[in-house]
Amino acid sequence: MRITDATLHDVELPLVHSFETSSHRKSSLRHLLVELTDASGATGWGEIATPAGPFYAAETTSIAWHTAAEYLIPAVLGAEWEHPDQLSELFGKVRGHWFAKAGVEMAAWTLFAETAGQSLAQALGGTRSTVVAGVSLGIEPSIDDLLAQVAMHVESGYPRVKLKIAPAGPGGRSWDLEPVRAVRSAYPDLDVHVDANGAYPGTPEAFDALRALDPYGLTMIEQPFAPRNLLDSATLHAQLETPVCLDESVETLDDLRTAIELKAGGVLNIKVSRMGGLSAARAAHDLAQAAGWPVWCGGMHEFGIGRLANVAISSLPGFTLPSDVSASEKYYAADIIDPAVTAEAGVVAVPGAPGLGAQVRTELIAEHATQIKQFTA
Ligand code: OSB
Ligand code: MG
(Lines give C-alpha, C1' and ligand atoms only; values in the text may rest on other atoms or scores of the structure.)
(Ligands and ions follow the chains in the order given, each with its own letter.)
Protein backbone atom coordinates (compact mmCIF):
# COMPACT_ATOMS: atom_id res chain seq x y z
CA MET A 1 0.00 0.00 0.00
CA ARG A 2 1.04 3.55 -0.56
CA ILE A 3 -0.38 6.65 1.16
CA THR A 4 -0.68 9.47 -1.34
CA ASP A 5 -2.54 12.09 0.72
CA ALA A 6 -3.03 12.93 4.37
CA THR A 7 -5.05 15.49 6.32
CA LEU A 8 -4.65 16.48 9.94
CA HIS A 9 -7.72 17.97 11.68
CA ASP A 10 -7.55 19.73 15.06
CA VAL A 11 -11.02 19.29 16.56
CA GLU A 12 -12.57 20.50 19.82
CA LEU A 13 -15.78 18.99 21.23
CA PRO A 14 -17.57 20.06 24.42
CA LEU A 15 -17.96 17.41 27.15
CA VAL A 16 -21.45 16.60 28.44
CA HIS A 17 -20.11 16.46 32.03
CA SER A 18 -16.77 17.98 33.06
CA PHE A 19 -14.14 15.56 34.32
CA GLU A 20 -11.61 15.96 37.13
CA THR A 21 -8.64 13.69 37.90
CA SER A 22 -5.83 13.94 40.45
CA SER A 23 -4.12 16.41 38.09
CA HIS A 24 -6.73 18.71 36.56
CA ARG A 25 -10.30 19.41 35.42
CA LYS A 26 -11.67 19.79 31.87
CA SER A 27 -14.95 20.65 30.18
CA SER A 28 -14.07 20.18 26.52
CA LEU A 29 -11.59 18.03 24.65
CA ARG A 30 -9.34 18.80 21.71
CA HIS A 31 -8.10 15.79 19.73
CA LEU A 32 -6.34 15.51 16.36
CA LEU A 33 -7.87 13.40 13.62
CA VAL A 34 -5.65 11.81 10.98
CA GLU A 35 -7.04 10.99 7.55
CA LEU A 36 -4.87 8.86 5.24
CA THR A 37 -5.73 8.18 1.59
CA ASP A 38 -4.08 5.51 -0.54
CA ALA A 39 -3.44 5.40 -4.29
CA SER A 40 -6.85 3.74 -4.91
CA GLY A 41 -8.67 6.59 -3.12
CA ALA A 42 -9.58 4.53 -0.03
CA THR A 43 -9.45 6.45 3.27
CA GLY A 44 -8.55 5.47 6.82
CA TRP A 45 -9.07 7.56 9.96
CA GLY A 46 -7.15 7.66 13.22
CA GLU A 47 -7.33 9.77 16.38
CA ILE A 48 -4.57 11.38 18.41
CA ALA A 49 -6.26 11.50 21.81
CA THR A 50 -3.57 13.17 23.88
CA PRO A 51 -4.95 15.45 26.59
CA ALA A 52 -4.31 19.14 25.82
CA GLY A 53 -1.86 19.57 28.73
CA PRO A 54 1.19 17.52 29.79
CA PHE A 55 -0.39 16.00 32.93
CA TYR A 56 -1.17 12.41 31.94
CA ALA A 57 1.94 12.05 29.76
CA ALA A 58 4.50 14.54 28.48
CA GLU A 59 2.74 14.97 25.13
CA THR A 60 0.32 17.84 24.56
CA THR A 61 -2.02 18.43 21.65
CA SER A 62 0.22 21.14 20.21
CA ILE A 63 3.28 18.93 20.48
CA ALA A 64 1.39 16.04 18.86
CA TRP A 65 0.39 18.34 15.98
CA HIS A 66 4.04 19.26 15.49
CA THR A 67 5.24 15.63 15.70
CA ALA A 68 2.59 14.33 13.32
CA ALA A 69 2.95 17.16 10.80
CA GLU A 70 6.73 17.41 10.79
CA TYR A 71 7.82 13.80 11.30
CA LEU A 72 5.21 11.05 11.26
CA ILE A 73 3.00 11.96 8.31
CA PRO A 74 6.01 12.83 6.09
CA ALA A 75 7.48 9.42 7.03
CA VAL A 76 4.44 7.47 5.81
CA LEU A 77 3.59 9.60 2.74
CA GLY A 78 4.71 7.77 -0.38
CA ALA A 79 6.21 4.83 1.54
CA GLU A 80 5.37 1.25 0.49
CA TRP A 81 3.95 -1.03 3.21
CA GLU A 82 2.01 -4.27 3.35
CA HIS A 83 0.77 -4.33 6.94
CA PRO A 84 0.21 -1.67 9.66
CA ASP A 85 2.69 -3.50 11.92
CA GLN A 86 5.31 -1.86 9.65
CA LEU A 87 4.29 1.70 10.54
CA SER A 88 6.46 1.74 13.64
CA GLU A 89 9.46 1.02 11.37
CA LEU A 90 8.45 3.88 9.08
CA PHE A 91 8.41 6.20 12.10
CA GLY A 92 12.10 5.33 12.26
CA LYS A 93 14.14 7.11 14.85
CA VAL A 94 11.32 9.18 16.40
CA ARG A 95 11.46 8.46 20.16
CA GLY A 96 8.35 8.43 22.33
CA HIS A 97 5.38 10.55 21.16
CA TRP A 98 3.12 7.51 21.55
CA PHE A 99 -0.16 9.38 21.17
CA ALA A 100 0.89 10.98 17.87
CA LYS A 101 2.20 7.65 16.59
CA ALA A 102 -0.99 5.86 17.71
CA GLY A 103 -3.23 8.22 15.74
CA VAL A 104 -1.28 7.87 12.50
CA GLU A 105 -0.91 4.10 12.92
CA MET A 106 -4.64 3.75 13.70
CA ALA A 107 -5.46 5.47 10.40
CA ALA A 108 -3.23 2.92 8.64
CA TRP A 109 -5.02 0.06 10.46
CA THR A 110 -8.51 1.29 9.53
CA LEU A 111 -7.38 1.78 5.92
CA PHE A 112 -5.80 -1.69 5.88
CA ALA A 113 -8.92 -3.37 7.32
CA GLU A 114 -11.24 -1.49 4.95
CA THR A 115 -9.13 -2.45 1.92
CA ALA A 116 -9.01 -6.09 3.06
CA GLY A 117 -12.81 -6.14 3.47
CA GLN A 118 -12.43 -6.94 7.16
CA SER A 119 -13.69 -5.24 10.27
CA LEU A 120 -10.96 -3.66 12.38
CA ALA A 121 -11.64 -6.26 15.09
CA GLN A 122 -11.27 -9.13 12.57
CA ALA A 123 -8.06 -7.67 11.17
CA LEU A 124 -6.66 -7.52 14.71
CA GLY A 125 -7.65 -11.12 15.47
CA GLY A 126 -10.54 -10.24 17.77
CA THR A 127 -12.75 -13.11 18.92
CA ARG A 128 -15.73 -11.43 20.61
CA SER A 129 -18.77 -9.83 19.03
CA THR A 130 -19.52 -7.75 22.14
CA VAL A 131 -17.37 -6.18 24.83
CA VAL A 132 -18.28 -5.30 28.41
CA ALA A 133 -17.91 -1.61 29.22
CA GLY A 134 -17.13 0.07 32.51
CA VAL A 135 -17.29 3.77 33.34
CA SER A 136 -14.58 6.00 34.72
CA LEU A 137 -15.89 8.65 37.13
CA GLY A 138 -13.92 11.77 37.97
CA ILE A 139 -13.47 13.53 41.29
CA GLU A 140 -16.75 15.26 42.13
CA PRO A 141 -17.41 18.34 44.27
CA SER A 142 -19.03 16.17 46.96
CA ILE A 143 -19.72 12.54 47.91
CA ASP A 144 -23.40 13.09 47.09
CA ASP A 145 -22.49 14.26 43.58
CA LEU A 146 -20.34 11.16 43.15
CA LEU A 147 -23.10 8.85 44.40
CA ALA A 148 -25.49 10.49 41.93
CA GLN A 149 -23.02 9.77 39.09
CA VAL A 150 -22.60 6.17 40.22
CA ALA A 151 -26.37 5.71 40.49
CA MET A 152 -26.94 7.11 36.99
CA HIS A 153 -24.40 4.78 35.40
CA VAL A 154 -25.36 1.68 37.39
CA GLU A 155 -29.00 2.31 36.44
CA SER A 156 -28.03 2.47 32.78
CA GLY A 157 -26.51 -0.98 33.20
CA TYR A 158 -22.73 -0.47 33.46
CA PRO A 159 -21.39 -3.38 35.53
CA ARG A 160 -18.11 -1.74 36.61
CA VAL A 161 -17.32 1.67 38.03
CA LYS A 162 -13.86 3.17 38.33
CA LEU A 163 -13.33 6.08 40.70
CA LYS A 164 -10.54 8.60 40.35
CA ILE A 165 -8.74 9.07 43.66
CA ALA A 166 -6.17 11.58 44.93
CA PRO A 167 -4.11 11.98 48.10
CA ALA A 168 -4.40 15.06 50.29
CA GLY A 169 -2.63 17.98 48.62
CA PRO A 170 -1.45 21.32 49.97
CA GLY A 171 -4.58 22.77 51.50
CA GLY A 172 -6.79 20.05 50.01
CA ARG A 173 -8.39 16.98 51.53
CA SER A 174 -7.80 13.53 50.11
CA TRP A 175 -10.37 11.93 47.83
CA ASP A 176 -9.80 8.24 48.43
CA LEU A 177 -11.11 6.44 51.53
CA GLU A 178 -14.27 8.52 51.82
CA PRO A 179 -15.56 7.99 48.26
CA VAL A 180 -14.58 4.30 48.32
CA ARG A 181 -16.39 3.74 51.62
CA ALA A 182 -19.48 5.60 50.42
CA VAL A 183 -19.72 3.76 47.11
CA ARG A 184 -19.04 0.39 48.72
CA SER A 185 -21.68 0.88 51.38
CA ALA A 186 -24.28 1.93 48.80
CA TYR A 187 -23.27 -0.90 46.39
CA PRO A 188 -21.92 -3.89 48.35
CA ASP A 189 -21.52 -6.13 45.27
CA LEU A 190 -20.57 -3.68 42.53
CA ASP A 191 -17.31 -4.19 40.60
CA VAL A 192 -15.44 -1.06 41.73
CA HIS A 193 -11.85 -0.03 41.24
CA VAL A 194 -9.84 3.14 41.80
CA ASP A 195 -7.34 5.06 39.65
CA ALA A 196 -4.81 7.47 41.18
CA ASN A 197 -3.07 8.52 37.95
CA GLY A 198 0.26 8.22 39.72
CA ALA A 199 -0.53 10.84 42.36
CA TYR A 200 0.75 9.04 45.49
CA PRO A 201 4.37 9.59 46.55
CA GLY A 202 6.23 6.53 47.86
CA THR A 203 6.00 7.76 51.49
CA PRO A 204 4.84 5.73 54.52
CA GLU A 205 1.74 7.99 54.72
CA ALA A 206 0.88 7.23 51.09
CA PHE A 207 1.32 3.49 51.69
CA ASP A 208 -0.99 3.78 54.73
CA ALA A 209 -3.62 5.62 52.69
CA LEU A 210 -3.50 3.00 49.94
CA ARG A 211 -3.46 0.10 52.40
CA ALA A 212 -6.61 1.54 54.02
CA LEU A 213 -8.46 0.80 50.75
CA ASP A 214 -7.64 -2.92 50.86
CA PRO A 215 -10.66 -4.09 52.92
CA TYR A 216 -13.20 -2.66 50.42
CA GLY A 217 -13.04 -5.46 47.86
CA LEU A 218 -11.79 -3.28 45.02
CA THR A 219 -10.99 -5.11 41.78
CA MET A 220 -7.72 -3.19 41.51
CA ILE A 221 -5.83 -0.03 42.41
CA GLU A 222 -4.76 1.55 39.14
CA GLN A 223 -1.46 3.42 38.89
CA PRO A 224 -0.97 4.44 42.53
CA PHE A 225 2.59 5.72 42.04
CA ALA A 226 4.46 7.84 39.51
CA PRO A 227 4.97 6.19 36.12
CA ARG A 228 8.63 5.24 36.63
CA ASN A 229 8.17 4.19 40.26
CA LEU A 230 7.87 0.45 39.69
CA LEU A 231 9.65 -0.47 42.91
CA ASP A 232 7.04 0.99 45.26
CA SER A 233 4.37 -0.45 43.00
CA ALA A 234 5.88 -3.93 43.46
CA THR A 235 6.01 -3.45 47.25
CA LEU A 236 2.37 -2.38 47.44
CA HIS A 237 1.24 -5.18 45.11
CA ALA A 238 2.93 -7.73 47.40
CA GLN A 239 1.38 -6.21 50.55
CA LEU A 240 -2.26 -5.98 49.47
CA GLU A 241 -5.01 -8.42 48.57
CA THR A 242 -6.13 -5.88 45.95
CA PRO A 243 -3.98 -6.15 42.83
CA VAL A 244 -2.14 -3.15 41.46
CA CYS A 245 -2.98 -2.30 37.84
CA LEU A 246 -0.52 -0.38 35.69
CA ASP A 247 -1.48 2.36 33.25
CA GLU A 248 1.04 5.25 32.85
CA SER A 249 3.97 2.95 33.77
CA VAL A 250 3.67 0.91 30.59
CA GLU A 251 4.42 2.79 27.36
CA THR A 252 6.48 0.09 25.65
CA LEU A 253 6.72 -3.68 25.59
CA ASP A 254 10.04 -3.36 27.44
CA ASP A 255 8.24 -1.48 30.23
CA LEU A 256 5.77 -4.35 30.41
CA ARG A 257 8.51 -7.00 30.49
CA THR A 258 10.17 -5.11 33.36
CA ALA A 259 6.88 -4.74 35.26
CA ILE A 260 6.10 -8.44 34.89
CA GLU A 261 9.60 -9.42 36.03
CA LEU A 262 9.39 -7.08 39.06
CA LYS A 263 5.78 -8.10 39.84
CA ALA A 264 5.01 -4.39 39.92
CA GLY A 265 1.33 -5.22 39.41
CA GLY A 266 -0.97 -8.01 38.36
CA VAL A 267 -3.33 -6.33 35.91
CA LEU A 268 -2.64 -4.20 32.82
CA ASN A 269 -4.64 -1.31 31.46
CA ILE A 270 -3.85 -1.33 27.74
CA LYS A 271 -4.34 2.02 26.04
CA VAL A 272 -3.89 2.12 22.30
CA SER A 273 -2.82 5.78 22.61
CA ARG A 274 -0.34 5.33 25.42
CA MET A 275 1.38 2.42 23.66
CA GLY A 276 1.74 4.06 20.25
CA GLY A 277 -0.95 2.15 18.40
CA LEU A 278 -2.93 -1.00 17.81
CA SER A 279 0.04 -3.20 16.86
CA ALA A 280 1.80 -2.46 20.16
CA ALA A 281 -1.48 -2.81 22.08
CA ARG A 282 -1.98 -6.24 20.54
CA ALA A 283 1.61 -7.27 21.37
CA ALA A 284 1.12 -6.07 24.97
CA HIS A 285 -2.04 -8.17 25.15
CA ASP A 286 -0.10 -11.25 24.01
CA LEU A 287 2.71 -10.66 26.49
CA ALA A 288 0.34 -10.02 29.42
CA GLN A 289 -1.73 -13.05 28.54
CA ALA A 290 1.38 -15.25 28.53
CA ALA A 291 2.33 -13.85 31.96
CA GLY A 292 -1.15 -14.49 33.38
CA TRP A 293 -2.00 -10.79 33.76
CA PRO A 294 -5.63 -10.03 32.89
CA VAL A 295 -5.98 -6.94 30.71
CA TRP A 296 -8.63 -4.39 29.90
CA CYS A 297 -8.71 -1.44 27.54
CA GLY A 298 -8.37 2.02 29.04
CA GLY A 299 -9.63 5.17 27.37
CA MET A 300 -8.64 8.79 26.91
CA HIS A 301 -12.20 10.11 26.46
CA GLU A 302 -11.84 9.33 22.78
CA PHE A 303 -14.08 10.74 20.09
CA GLY A 304 -15.78 8.03 18.03
CA ILE A 305 -12.78 7.06 15.91
CA GLY A 306 -10.46 6.27 18.81
CA ARG A 307 -13.42 4.80 20.68
CA LEU A 308 -14.09 2.27 17.89
CA ALA A 309 -10.40 1.33 17.86
CA ASN A 310 -10.72 0.67 21.61
CA VAL A 311 -13.80 -1.48 21.01
CA ALA A 312 -11.94 -3.45 18.31
CA ILE A 313 -8.86 -4.16 20.46
CA SER A 314 -11.13 -5.11 23.40
CA SER A 315 -12.48 -7.98 21.28
CA LEU A 316 -9.17 -9.88 21.71
CA PRO A 317 -9.47 -12.87 24.07
CA GLY A 318 -7.18 -11.63 26.89
CA PHE A 319 -9.39 -8.56 27.53
CA THR A 320 -11.24 -10.34 30.32
CA LEU A 321 -12.05 -7.30 32.49
CA PRO A 322 -14.53 -4.53 31.54
CA SER A 323 -12.94 -1.86 29.33
CA ASP A 324 -13.34 1.96 29.47
CA VAL A 325 -15.36 1.92 26.26
CA SER A 326 -18.58 3.52 27.48
CA ALA A 327 -21.10 4.97 25.04
CA SER A 328 -20.28 8.17 23.13
CA GLU A 329 -23.20 9.93 24.85
CA LYS A 330 -21.47 9.71 28.25
CA TYR A 331 -19.03 12.27 26.86
CA TYR A 332 -20.34 13.98 23.74
CA ALA A 333 -23.76 15.28 22.78
CA ALA A 334 -22.88 14.59 19.12
CA ASP A 335 -20.04 12.22 18.21
CA ILE A 336 -18.08 12.42 14.95
CA ILE A 337 -19.14 8.93 13.85
CA ASP A 338 -22.46 7.58 12.69
CA PRO A 339 -23.72 5.46 14.33
CA ALA A 340 -22.19 6.59 17.63
CA VAL A 341 -20.97 3.95 20.09
CA THR A 342 -23.87 2.77 22.24
CA ALA A 343 -24.01 0.48 25.26
CA GLU A 344 -26.93 -1.79 26.04
CA ALA A 345 -26.87 -2.86 29.71
CA GLY A 346 -23.14 -2.10 29.74
CA VAL A 347 -22.41 -4.14 26.62
CA VAL A 348 -21.03 -2.59 23.41
CA ALA A 349 -21.38 -4.39 20.06
CA VAL A 350 -18.19 -4.84 18.03
CA PRO A 351 -18.94 -3.53 14.52
CA GLY A 352 -18.74 -6.17 11.80
CA ALA A 353 -18.59 -3.86 8.77
CA PRO A 354 -15.24 -3.44 6.96
CA GLY A 355 -12.79 -0.88 8.33
CA LEU A 356 -13.68 1.36 11.26
CA GLY A 357 -17.28 0.14 11.28
CA ALA A 358 -19.08 3.51 11.17
CA GLN A 359 -19.29 6.52 8.90
CA VAL A 360 -17.07 9.45 9.78
CA ARG A 361 -19.14 12.66 9.99
CA THR A 362 -16.85 14.93 8.03
CA GLU A 363 -19.32 17.86 8.20
CA LEU A 364 -19.29 17.75 12.01
CA ILE A 365 -15.49 17.53 12.01
CA ALA A 366 -15.30 20.59 9.73
CA GLU A 367 -17.70 22.46 12.00
CA HIS A 368 -15.57 21.84 15.11
CA ALA A 369 -12.12 22.06 13.49
CA THR A 370 -9.83 24.87 14.57
CA GLN A 371 -6.92 23.94 12.22
CA ILE A 372 -6.60 21.70 9.16
CA LYS A 373 -3.44 20.78 7.26
CA GLN A 374 -3.17 18.82 4.03
CA PHE A 375 -0.22 16.77 2.84
CA THR A 376 0.54 15.19 -0.53
CA ALA A 377 3.23 12.63 -1.37
O1 OSB B 1 -6.00 7.18 33.64
O2 OSB B 1 -7.51 6.12 32.63
C3 OSB B 1 -6.96 7.19 32.88
C4 OSB B 1 -8.85 9.99 31.10
C5 OSB B 1 -7.84 10.90 30.90
C6 OSB B 1 -6.58 10.63 31.38
C7 OSB B 1 -6.33 9.42 32.05
C8 OSB B 1 -7.34 8.50 32.24
C9 OSB B 1 -8.62 8.82 31.79
C10 OSB B 1 -9.78 7.95 31.99
C11 OSB B 1 -10.80 8.00 30.91
O12 OSB B 1 -9.96 7.32 33.00
C13 OSB B 1 -11.56 6.75 30.71
C14 OSB B 1 -12.47 6.86 29.52
O15 OSB B 1 -12.06 7.25 28.41
O16 OSB B 1 -13.64 6.53 29.72
MG1 MG C 1 -5.60 5.27 34.40
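Quick check: at a probe of 1.4 Å, how many percent of the accessible area of the chain sits on carbon and sulfur atoms?
On the way: 7590 of 14600 Å².
Solvent-exposed carbon and sulfur of the chain make up 52 percent of the total.
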What whole-number value in Å² describes the accessible area per residue of region 287-377 for a 1.4 Å probe? 39 Å²
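Filter the chain for me: DSSP H helices, axial length by Cα at least 15 angstrom, mean Kyte-Doolittle hydropathy not below 0.5. List them by residue number. Show your work: numbers first, answer last.
On the way: long enough: 98-116 (26 Å, 0.62); 143-155 (18 Å, 0.68); 278-291 (20 Å, 0.34).
The qualifying helices are 98-116, 143-155.
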Heavy-atom accessible area per residue of region 56-100, all protein chains kept, 1.4 Å probe, expressed in Å², is 49 Å²
Where N is the number of residues in region 270-312, Cα Rg divided by 2.2 N^0.38 Å: 1.13
Candidates THR219, THR60, THR362: whichever shows maximal mean-square fluctuation once the chain is modelled as a Gaussian network with Cα springs under 10 Å: THR362
Net charge dipole size for region 123-349 [Lys, Arg +1 and Asp, Glu -1 on Cβ; Debye, nearest 20]: 360 debye
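Counting every Cα pair in region 123-349, what percent are over 20 Å apart? Can you show the working numbers first?
Details: 14850 of 25651 pairs.
Within region 123-349, distances greater than 20 Å cover 58 percent of Cα pairs.
In the structure displayed, which of LYS26/LYS93; LYS26/LYS263; LYS93/LYS330; LYS26/LYS271; LYS263/LYS330 lie more than 27 Å apart, Cα to Cα?
Values: LYS26/LYS93 33 Å; LYS26/LYS263 34 Å; LYS93/LYS330 38 Å; LYS26/LYS271 20 Å; LYS263/LYS330 35 Å.
Those over the limit are LYS26/LYS93; LYS26/LYS263; LYS93/LYS330; LYS263/LYS330.
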Report Rg (one decimal) and Dmax (nearest whole number) for region 140-214, counting Cα atoms only, units Å. 12.9, 40
Label ARG95 and THR252 with points 7 Å out from Cα along Cα→Cβ: what is the distance between them in nm? 0.9 nm
GLU70/SER18 FRET efficiency (R0 30 Å; Cβ-Cβ; nearest 0.05): 0.40
I want the antiparallel fraction of DSSP beta bridges within the chain, as a percent rounded to 5. 60 percent
Using distinct alpha-carbon pairs, which all enter the 1/r mean, Kirkwood radius of region 209-330 in Å: 14.5 Å
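First select every other residue whose beta carbon is under 11 angstrom from the beta carbon of ILE48; then total the charges, Lys and Arg +1, Asp and Glu -1.
On the way: positive: ARG30, LYS101; negative: ASP10, GLU47, GLU59, GLU105, GLU302.
So the environment of ILE48 carries a net charge of -3.
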If you average 1/r across every pair of different Cα atoms in region 267-356 and take the reciprocal, what Kirkwood value do you get, in Å? 13.3 Å
Between beta-carbons, use under 14 Å as the cut-off and find the net charge around ALA290, counting Lys and Arg +1, Asp and Glu -1. 0
What percent of all Cα-Cα pairs in region 56-102 falls in each 5 Å bin, counting up from 0? 5, 22, 32, 21, 13, 5, 1
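Under 8 Å for C-alpha pairs, at least 6 residues apart: give me the relative contact order for the chain, rounded to a whole percent.
Working: 861 pairs, mean separation 86.0, N = 377.
With pairs under 8 Å counted, the relative contact order is 23 percent.
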Cα centroid separation, region 305-332 to region 1-38 (Å): 17 Å
Just the number please: accessible area per residue for region 174-245, 1.4 Å probe, all protein chains included, in Å². 41 Å²
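The values are calculated or read from the model by the stated rules, or taken from the named source; none is laboratory data. The structure presented is a predicted model; accordingly, all values stated were derived computationally and were not measured. We place every Cβ from the backbone using ideal geometry, glycine too, and count neighbours over all the protein chains shown. The protein model used for the area step is the full one, side chains on, heavy atoms only, and it has no ligands, DNA or RNA in it. Shrake-Rupley method; radii C 1.70, N 1.55, O 1.52, S 1.80 Å.
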